[in-house]
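The values are calculated or read from the model by the stated rules, or taken from the named source; none is laboratory data. If you're wondering where the values come from, they're calculated on a predicted model, not measured in any experiment. Note: ideal-geometry Cβ built from the backbone for every residue, glycine included; neighbour counts use all protein chains shown.
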Amino acid sequence: MTTASVPFASPAARDGAPYATVPQPYDAILLAGFGGPEGQDDVIPFLRNVTRGRGIPDERLEEVAHHYRHFGGVSPINAQNRALKAALEAEIARRGLDLPVYWGNRNWAPALDETALGSVVEIDKVRQFFDHPGFVEAFVDGLVDAIRGFLADRLRVRVLFATHSIPVDDARRSGPRDLDLGPGGAYEAQHRAVAAAVMERVAAIVPEAADVPWELVYQSRSGPASQPWLEPDICDRIAELPAEGVEAVAIVPVGFLSDHMEVMWDLDEEALQAAADAGLRAVRTPTPGADPRFVAGVVDLVEERMAATPREERPAATPLGPWFDVCRPGCCENVRAGFHPAAAGIAP
C-alpha cells in the first residue's frame, strides 16, 4: 500500500504532480482568512492567537493593540471577507456552478474548524493567484488615476509597491528549492514580477508612465532588531526620496488583498504621515478587495482546477506563472518551526 504524497488532497492531486491533469468535481469552496477582532475586548485574545507559541507577554502585545484600538478595536478584515464571500457566491451563481462557499479564519471567529465542512475533508488549494490577470488588473485603475493626477501637476513621481516584510532567511527559502529566484526567493520575485506587470498595463493607458520609476518596499516589520528582515522599509525610503528630486509618491499595496489593518494603519497612517513629513504629495491606491475582475479571476481558478486545464492554456501575467497547483517538496520551509504536515502540498 502506497502513502499519498499529499495527505489530504483530492484523488486528482494526491500524487503530488505539479499541475492537475485529471478533472476533479468539488462539493464546496473554502475561503480561508486571517481573522481579526471585532471589538475592544477581542483585541488581546486575538493577538494571543496570532502569536501563540512564542511566549509574548500581554504588555508587548498591547504595543500592537493600539493599532486596532485606534479603530474601535475592530479589524476591517472580517467585513471585507464577508463582502468577498458574497461576491464569490454571486459570480458562482451567475456561472451556474453548484458550489456553496464556506468561510473560516485562522486566528478568530469563525474559525476554520467551526465551518460546516464536517470533521474529515479532502481539500485542494487553487494555484497562487499572484499573477492571474484578475488580480494584477485590479491594481491598475487606482495607479492610473494617481499618476495622471501627479503628472498633470507636473510633479516628479515615484511609485512604491508595498508588501509585508519577512525575515531574510524565510524569504530565501520561499518557493521550490529547485528554482533559482534570487536571494529573496519566490516571495520577492513574485512581488517584483507583479509590480512590473502592473506598470506595463498602466503605461499602456498613460504612455508617460513608462518613464516613472518604481521600486519594491516593505512594511510592518515585527521581528527583533538582531534579525535581518527584507528592506527597505517604506517609511525610511519615503524620507530619502526628496533628496532624489521626488515630489510625489504613489503607494501601491501590491502584497495585500484588502484594506485590512496593515494597510489602514501602516500605510494610511504611518506611510502617509512619513510622506507629509518629507513634504511629498502622496496617494495610497486601492487593494483588489471584491473588485469584479479579481472575483471573476478566483472563480476562473476554481473552474481551471475542476477541469484540469493544461498548463499552457492557463492565463498568467508574468513569466513566473502559471504557478503550481501543488506546492513542491521543501517549499517555504520555516527555519524556526520546521515543516508541519502538509494539507494541500507535498508532505516533507
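Could you pull out the residue among Arg201, Arg305, Arg281 that is over 20 Å from Ala146 (Cα atoms), in contact with an Asp or Glu (Cβ under 7 Å, 6 or more places away or on another chain) and either surrounded by 15 or more Cβ atoms within 10 Å (Cβ to Cβ) or among the polar types (S, T, N, Q) (or both)?
Going through Arg201, Arg305, Arg281 in turn, the sole match is Arg305.
Matching residues to (1) under 18 Å from Asp153 (Cα atoms); (2) under 22 Å from the mean Cα position of the chain (by Cα); (3) modelled with pLDDT of 95 or more; (4) not charged (D, E, K, R):
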| site | (1), (2), (3), (4) |
| --- | --- |
| Pro207 | yes, no, yes, yes |
| Glu215 | no, yes, yes, no |
| Arg221 | no, yes, no, no |
| Ala225 | no, no, no, yes |
| Glu240 | no, no, yes, no |
| Ala243 | no, no, yes, yes |
| Pro253 | no, yes, yes, yes |
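Among the residues of region 20-48, write down those that are out of contact with any Leu (no Cβ under 8 Å at 6 or more places or on another chain) and either basic (Lys, Arg) or part of a helix (DSSP H, G or I) (or both).
Within region 20-48, Gln40, Asp41, Asp42, Val43, Pro45, Phe46 qualify.
Pairs please, first residue from region 326-348 and at positive phi, second anywhere and of a type outside the set (Asp, Glu) and modelled with pLDDT of 70 or more, Cβ atoms under 6 Å, 6+ apart in sequence or on different chains.
That search, which allows pairs on different chains as well, returns Gly330/Arg177; Cys332/Ser174.
Looking for something buried (at least 17 other Cβ atoms within 10 Å of the Cβ), in contact with a Leu (Cβ under 6 Å, 6 or more places away or on another chain) and not in a helix (DSSP H, G or I) - is there at least one such residue anywhere in region 289-296?
yes
Matching residues to (1) modelled with pLDDT under 90; (2) touching a Cys at 6+ places or on another chain (Cβ under 8 Å); (3) polar (S, T, N, Q):
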position: Gly55; (1), (2), (3): yes, no, no
position: Ser75; (1), (2), (3): no, no, yes
position: Trp103; (1), (2), (3): no, no, no
position: Trp108; (1), (2), (3): no, no, no
position: Phe129; (1), (2), (3): no, no, no
position: Arg148; (1), (2), (3): no, no, no
position: Asp153; (1), (2), (3): no, no, no
position: Phe161; (1), (2), (3): no, no, no
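Determine whether Gly142 is in contact with a strand residue (DSSP E or B) (Cβ under 8 Å, 6 or more places away or on another chain), at pLDDT 95 or above, surrounded by 14 or more Cβ atoms within 10 Å (Cβ to Cβ) and not hydrophobic (A, V, I, L, M, F, W, C).
Taking the combined requirement at face value, the residue satisfies it.
Report, ordered by the first and then the second residue, all pairs with beta carbons closer than 7 Å, sequence separation of six or more or different chains, a first member in region 122-148 that is over 24 Å from Pro322 (Cα atoms), and a second member that is surrounded by fewer than 20 Cβ atoms within 10 Å (Cβ to Cβ) and at pLDDT below 95.
Sorted first by the residue in region 122-148, then by its partner, the list stays empty.
Just a yes or no: is a residue in region 276-283 β-branched (Val, Ile, Thr), more than 19 Å from the chain's Cα centre (by Cα) and not in a loop (DSSP other than H, G, I, E, B)?
There is at least one residue in region 276-283 that is β-branched (Val, Ile, Thr), more than 19 Å from the chain's Cα centre (by Cα) and not in a loop (DSSP other than H, G, I, E, B).
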